[in-house]
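In what follows, a structure is listed as structure tokens, so that the remarks can point back to it.
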Amino acid sequence: MNFRKISIMLLVFIFLTIPVLANGVNDTEQIEEPEQRVAAVVNGEEITVQELDLYLDLNNLVNQVFQAFYQSNRDFVEFLLMSEAGQDFFNEYRKEHIEEVISNMLIQQEAANRGIEISDEEKDELFAGQIEYMKSQNRLESDQELENALKQDGFENLQEFKDFFFAEYTDILKINELQRILLEPITVSNEEAEGFYNEYIEQFQYGDQVKASHILLKTEEEAEKVLDELNEGTNFALMAEEHSIDTYSAQNGGDLDFFEKEDMIEEFSEAAFAMEIGEMSDIVETREGFHIIMVTDKREAGTETLEEVREEIESGLLRSKRQQVWQGFILELREKADVEIKI
């Protein structure tokens, strides 16, 4: 279990990455520059080519592109990487993506200029949330189990991991605080939501729909065994969670929510739309496997009301408005900045 790769709970957008070299071209075989060349200078602060490559995770790109060839012809790949054509490829990739790194530095500089800091109390709260997130994602019951797992990754205890966490992610947390300051005041009014609904009302129209759950099995023999248990009274949702190979719906007891006829494979839709509410099908074969279907509701064609979709509309509009404000903010920083690109 490698917790250095674990997802970090952050806010609206993430502009920093913590690169992890995948198995393949190892650390001693990373792309190296003959010297610490400067890629750009941003308001007097240098970005070296090495820092740029680290941010862009260039070694991981190499692994993805050349992994298959590397296993069979290591010498050729190493020659190709060090050739003029190979270096030209990396330089073009750097040029295409250097604006991302410049934007990231500008945001960090702005957070510093505003004196944004993360207090000890905020750090404790953030870390407590991170611990709970990590336990949930890795199915661990206690802090002790998490600490035992962290020891396998080289951390002596939770405090050592906490020190590592904030050493690595404090800049990201400061950016998130800057985002919160800028974006939290933005809201979506009732008038904006209603206006969007009226303008795009066709998006909220639907045809005849069925709501159904299903259990998907690989073989007909497996499907027959599950169907026998269901006919004996075993709970459908529990059987879906335990046996269905459709993992997405299985975690919800097999629930597929409402769908229209054309949304599903023909054989599946034909069976589901022919059934009554509360009815369970026999085995239905499709190219995906063998299904057992339970219809739980139906509704005729119509239009979702504003109240039914208000939360969805407001969430989408809020996300769009905040994205526009944030991108505008970065553009303004870039226009005011003294930037010299040297690659």
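The values are calculated or read from the model by the stated rules, or taken from the named source; none is laboratory data. As the structure is a computational prediction, the values presented were derived from the model and not from experiment. No Cβ is skipped: glycine too gets one built from the backbone with ideal geometry, and neighbour counts run over all protein chains shown.
For residue 193, the test of being touching a residue at least 40 places away in the same chain (Cβ under 8 Å) and aliphatic (A, V, I, L, M) is passed.
Is it the case that residue 267 is closer than 11 Å to residue 212 by Cα, out of contact with any Cys (no Cβ under 9 Å at 6 or more places or on another chain) and without any contact (Cβ under 8 Å) to a residue 24 or more places away in the chain? It is false that residue 267 is closer than 11 Å to residue 212 by Cα, out of contact with any Cys (no Cβ under 9 Å at 6 or more places or on another chain) and without any contact (Cβ under 8 Å) to a residue 24 or more places away in the chain. Here residue 314 clears all of (1) surrounded by 15 or more Cβ atoms within 10 Å (Cβ to Cβ); (2) under 30 Å from residue 97 (Cβ atoms) except the condition numbered (2). Exactly one residue among 243, 214 is in the same structural domain as residue 288 (by TED's automatic domain parsing), surrounded by 13 or more Cβ atoms within 10 Å (Cβ to Cβ) and more than 29 Å from residue 309 (Cα to Cα), and that residue is 243.
Table: residues versus (1) surrounded by 13 or more Cβ atoms within 10 Å (Cβ to Cβ); (2) farther than 30 Å from residue 110 by Cα; (3) out of contact with any His (no Cβ under 9 Å at 6 or more places or on another chain); (4) among the acidic types (Asp, Glu).
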{"position": "151", "(1), (2), (3), (4)": "yes, yes, yes, no"}
{"position": "179", "(1), (2), (3), (4)": "yes, no, yes, no"}
{"position": "183", "(1), (2), (3), (4)": "yes, no, yes, no"}
{"position": "196", "(1), (2), (3), (4)": "yes, yes, yes, no"}
{"position": "256", "(1), (2), (3), (4)": "yes, yes, no, no"}
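Can you confirm whether residue 202 is under 30 Å from residue 314 (Cα atoms), part of a helix (DSSP H, G or I) and over 28 Å from the mean Cα position of the chain (by Cα)? Against the criterion (under 30 Å from residue 314 (Cα atoms), part of a helix (DSSP H, G or I) and over 28 Å from the mean Cα position of the chain (by Cα)), residue 202 qualifies. For residues in region 216-244 being in a loop (DSSP other than H, G, I, E, B) and out of contact with any helix residue (DSSP H, G or I) (no Cβ under 6 Å at 6 or more places or on another chain), which is nearest to residue 257 (Cα to Cα)? My answer is 235.
Yes/no matrix, rows are residues, columns are (1) of a type in the set (S, T, N, Q); (2) closer than 30 Å to residue 277 by Cα; (3) touching a strand residue (DSSP E or B) at 6+ places or on another chain (Cβ under 7 Å):
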{"residue": "292", "(1), (2), (3)": "no, yes, yes"}
{"residue": "296", "(1), (2), (3)": "yes, yes, yes"}
{"residue": "307", "(1), (2), (3)": "no, yes, no"}
{"residue": "317", "(1), (2), (3)": "no, no, no"}
{"residue": "320", "(1), (2), (3)": "yes, no, no"}
{"residue": "324", "(1), (2), (3)": "yes, no, no"}
{"residue": "330", "(1), (2), (3)": "no, no, no"}
{"residue": "336", "(1), (2), (3)": "no, no, no"}
{"residue": "339", "(1), (2), (3)": "no, no, yes"}
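Based on this model, can you work out whether residue 196 counts as assigned to a helix (DSSP H, G or I), closer than 27 Å to residue 262 by Cα and touching a helix residue (DSSP H, G or I) at 6+ places or on another chain (Cβ under 9 Å)? Against the criterion (assigned to a helix (DSSP H, G or I), closer than 27 Å to residue 262 by Cα and touching a helix residue (DSSP H, G or I) at 6+ places or on another chain (Cβ under 9 Å)), residue 196 qualifies.
Taking first residues from region 107-124 that are closer than 11 Å to residue 166 by Cβ and in the same structural domain as residue 338 (by TED's automatic domain parsing) and partners that are surrounded by 12 or more Cβ atoms within 10 Å (Cβ to Cβ) and of a type in the set (A, V, I, L, M, F, W, C), the Cβ contacts under 6 Å between residues at least 6 apart in sequence or on separate chains come to 118/173. Among the residues here, residue 328 does not qualify as on the phi > 0 side of the Ramachandran plot and either of a type outside the set (D, E, K, R) or not in a strand (DSSP E or B) (or both).
Being charged (D, E, K, R) and farther than 23 Å from residue 298 by Cβ is the filter here, so list the residues in region 203-231 that pass it. Across region 203-231, the qualifying residues are 218, 220, 221, 222, 224, 225, 228, 229. A single entry from 159, 179 fulfils the requirement of being assigned to a helix (DSSP H, G or I) and in contact with a Phe, Trp or Tyr (Cβ under 7 Å, 6 or more places away or on another chain): 179.
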